[in-house]
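The values are calculated or read from the model by the stated rules, or taken from the named source; none is laboratory data. Note that the structure is predicted; figures quoted are calculated from it, not measured. In this analysis, Cβ positions are derived from the backbone assuming ideal geometry, glycine residues included, and neighbour counts consider all displayed protein chains. Remember, those area values only see protein heavy atoms, side chains included, never the ligands or the DNA or RNA. Shrake-Rupley method; radii C 1.70, N 1.55, O 1.52, S 1.80 Å.
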Amino acid sequence: MHHIGIDLAWGERQPTGLAVLDEDGALVHVSAVRTDDEIAEQLAPYVEGPCLVAIDAPLIVRNETGSRPAEKALTRDFRRFEAGCHPSNLSKPEFRDGPRGARVCKRLGLDMDPRSGRARRAIEVYPHPATVVLFGLERTLKYKDKRGRDVDLLRSELLRLMDHVETVVRTDGPDGADGAEGAEGAEGAWASLRLAVETATRKSQLRVVEDQVDAVVCAYVGRFADLHPDRTTVYGDLAEGYIVTPSLPDESAAIRSAIQTYAAQHAELSAAGEQAVALVTSILDEAGINYLSVTGRTKSVVSFAEKAGRMREGQPMYPNPLTDITDQLGVRVITYVQDDVETVAGLLADQVVVHLDRDMGRETAREGRWGYASRHLLIALDAARESQAAYAGLRGRVAQVQVRTVLQHAWAEFEHDIRYKGSVPEEHAPEFDRRFTLAAGLLELADREFSTIRERLRAEPAPVAAAGEVADDDPRLDPRELAAFLAGQYADAGWSRTDHYTWISGLLLELGITSLDELGEVLRPTAALAINERMDYRYPPGAVRRLDDALLAVFGEQYVELHGNAHRAPLLRQRLEKLRG
């Protein structure tokens, strides 16, 4: 029984690759020809007896336009590996007189029915999806000549393919074979092909080898389909055209079950996602940290299903999707400068359980590159919050918190939208990579400059609001004036959010404090209270948090019972106990 591969050109001007494997899977013939006569002549010794010829070319084309049903179905399964099909239809000139593949089959006397049990038959195959399955590839190898691919890339990718082929095909020929197509002939031919690739300096030199290597892949796909019908998929049928390829690993049962469970829990997960946002927001606000925004999302069922189906080296990346996919609940914190990213990460480490902390920007920098920069933390409730009804949905769950500056966020969102949605033509990919890298470097520089600007501003007295900017009938301290005052009072503190200054000015009004002079008199005794030491801050508290603790130390229970503090009275009492030692 011979398994024969034909990488069939659609016309006789381009080379066609031929390969033959014997019944033990050893390579006994490999060559390149052009005409149908040459194909018949070269394969004559191997098609006289039992054989299966696997042809990389359409054998049956009935549709006038568009793609064949088999091509659509295969593309749906293999698009994520960049192994989709080109459309075949009768409007194309190469099919005007019928597919060349069908003519070759007729000439060789082969049955084209993929379900046939006859001794001499042919099937249509497609090497790209086959290599994805057989060799566990995350995407197809880029050894085909296209715009933007240079000789070095094509050579390295073709050599990778040949390395893979050598793991499933004996390229040293059959044991005890005789004649020109015996062990020495086959081994010498394959060695010559490899040498030709290693020494190629032009794309045309690689093209001749490429067709023959593809033919060997086709021959092996035919052998695989013959030996493992239970692990082989036939897309389409004899009536409308078909393609035979090794089946993707059947992780579908476990994945389908996980997806169904996830879908059933999605409403519950969405509520938990809202609680995760509320948790992070409350922690940042309580610490008085300055940030731009806190947002969140619960991964959609569609997104979960796509991620659950990802493969690496032929194996599922997430064998247990419900536990292995840890970003089901996502929170994103956007800060102004890099120092704030560090502060937020430190604060979360102090307040909740952090299972994982990855600085993606630092990892990128260690590789000597510029690119994606973000701090990723995997958090869970701490023991104190486990019993709180407000976070009941988060019990036993984790949430991924991404922390990055506004500039890092802009870069990441733009890159994701442009590059990872597949809108960059392949031939322009290297140029886009370079431009994205350049943009990342510029944004990192801008981040550093903004940090420097803020540090300089902290060292200077903050500007006081101009007269007339506050309504005459508003008895509260002006937030801008309060911010300027606190910048001097707590020079070592970080800035707080703008709305936090407005919020605490309302609390000051409840205490009857309506001027900065009055506030200064209230705070004067706190200098001797060693508030910082008693609170033992493990993160840099913002100016508003420093004022909040000072007012708590001065007014005690009266401050806790203010109307504006009703939502956080238990927490304030805990802090009051800490202040009192």
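Has the range 473-485 got any residue that is open to solvent by 40 Å² or more (accessible area, probe 1.4 Å), among the small types (Gly, Ala, Ser) and either within 20 Å of residue 335 (Cβ to Cβ) or modelled with pLDDT of 75 or more (or both)?
no
Just checking, how many residues over the range 15-46 are open to solvent by 10 Å² or more (accessible area, probe 1.4 Å), out of contact with any Asp or Glu (no Cβ under 8 Å at 6 or more places or on another chain), closer than 24 Å to residue 97 by Cβ and in contact (Cβ under 8 Å) with a residue 40 or more places away in the chain?
Count: 1.
How many of the residues making up the range 266-303 are within 30 Å of residue 543 (Cα to Cα) and in a helix (DSSP H, G or I)?
Going through the range 266-303 one residue at a time, the tally reaches 15.
Just one of (1) open to solvent by 70 Å² or more (accessible area, probe 1.4 Å); (2) farther than 25 Å from residue 281 by Cα trips up residue 316, so point out which.
The number of the failed condition is (1).
Give the range 117-141 a look and list any residue that's without any contact (Cβ under 8 Å) to a residue 40 or more places away in the chain and open to solvent by 20 Å² or more (accessible area, probe 1.4 Å), or say none.
Answer for the range 117-141, where residues must be without any contact (Cβ under 8 Å) to a residue 40 or more places away in the chain and open to solvent by 20 Å² or more (accessible area, probe 1.4 Å): 117, 118.
Would you pick out the residues in the range 196-220 that are assigned to a loop (DSSP other than H, G, I, E, B) and small (Gly, Ala, Ser)? Please lay out each step first, then the result.
As a first pass, look at the range 196-220 and keep what is assigned to a loop (DSSP other than H, G, I, E, B): 200-202.
200 - this is the single residue of the range 196-220 that is assigned to a loop (DSSP other than H, G, I, E, B) and small (Gly, Ala, Ser).
Evaluate the following for residue 548: is it closer than 30 Å to residue 342 by Cα and outside any helix (DSSP H, G or I)?
On the way: closer than 30 Å to residue 342 by Cα: yes; outside any helix (DSSP H, G or I): no.
Spelling it out, it is not the case that residue 548 is closer than 30 Å to residue 342 by Cα and outside any helix (DSSP H, G or I).
For the structure I just gave you, tell me whether residue 491 is closer than 18 Å to residue 544 by Cβ, in a helix (DSSP H, G or I), out of contact with any Cys (no Cβ under 7 Å at 6 or more places or on another chain) and at pLDDT 75 or above.
no
Just need a number here: residues in the range 52-88 that are among the polar types (S, T, N, Q) and open to solvent by less than 10 Å² (accessible area, probe 1.4 Å). Outline the logic, then answer.
In the first step, residues of the range 52-88 are kept if they are among the polar types (S, T, N, Q); the result is 63, 65, 67, 75, 88.
Keeping just the survivors that are open to solvent by less than 10 Å² (accessible area, probe 1.4 Å) gives 88.
Counting residues in the range 52-88 that are among the polar types (S, T, N, Q) and open to solvent by less than 10 Å² (accessible area, probe 1.4 Å) gives 1.
Output the residues belonging to the range 549-568 that are farther than 22 Å from residue 349 by Cα and either modelled with pLDDT under 90 or open to solvent by less than 10 Å² (accessible area, probe 1.4 Å) (or both). Working first, answer last.
Taking the range 549-568 and keeping what is farther than 22 Å from residue 349 by Cα, we get 550-567.
The answer is 550, 551, 552, 556, 559, 560, 565, 567.
Could you say which residue among 512, 520 is in a helix (DSSP H, G or I) and either at pLDDT 90 or above or in contact with a helix residue (DSSP H, G or I) (Cβ under 7 Å, 6 or more places away or on another chain) (or both)? Lay out the reasoning, then the answer.
Details: 512 fails: in a helix (DSSP H, G or I).
One residue alone meets the criteria, 520.
If I ask for residues that are touching a Phe, Trp or Tyr at 6+ places or on another chain (Cβ under 8 Å), buried (at least 21 other Cβ atoms within 10 Å of the Cβ) and either of a type in the set (S, T, N, Q) or not in a helix (DSSP H, G or I) (or both), which ones from the range 335-354 would you list?
First, the residues of the range 335-354 that are touching a Phe, Trp or Tyr at 6+ places or on another chain (Cβ under 8 Å): 335-337, 340, 343-344, 346-347, 350.
Restricting the remaining residues to those that are buried (at least 21 other Cβ atoms within 10 Å of the Cβ) gives 335, 337, 340, 343-344, 347.
Listed by number, the residues that qualify are 335, 337, 343.
Taking the range 48-95 as the region of interest, how many residues are among the hydroxyl-bearing types (Ser, Thr, Tyr), under 19 Å from residue 141 (Cα atoms) and in a loop (DSSP other than H, G, I, E, B)? Walk me through it before giving the result.
First pass over the range 48-95, keeping only residues among the hydroxyl-bearing types (Ser, Thr, Tyr): 65, 67, 75, 88, 91.
Going one step further and asking which of them are under 19 Å from residue 141 (Cα atoms), we end up with 75.
Remaining after also requiring in a loop (DSSP other than H, G, I, E, B): none.
Counting residues in the range 48-95 that are among the hydroxyl-bearing types (Ser, Thr, Tyr), under 19 Å from residue 141 (Cα atoms) and in a loop (DSSP other than H, G, I, E, B) gives 0.
Within the range 37-69, which residues are over 22 Å from residue 227 (Cβ atoms) and of a type in the set (A, V, I, L, M, F, W, C)?
39, 40, 44, 57, 60, 61
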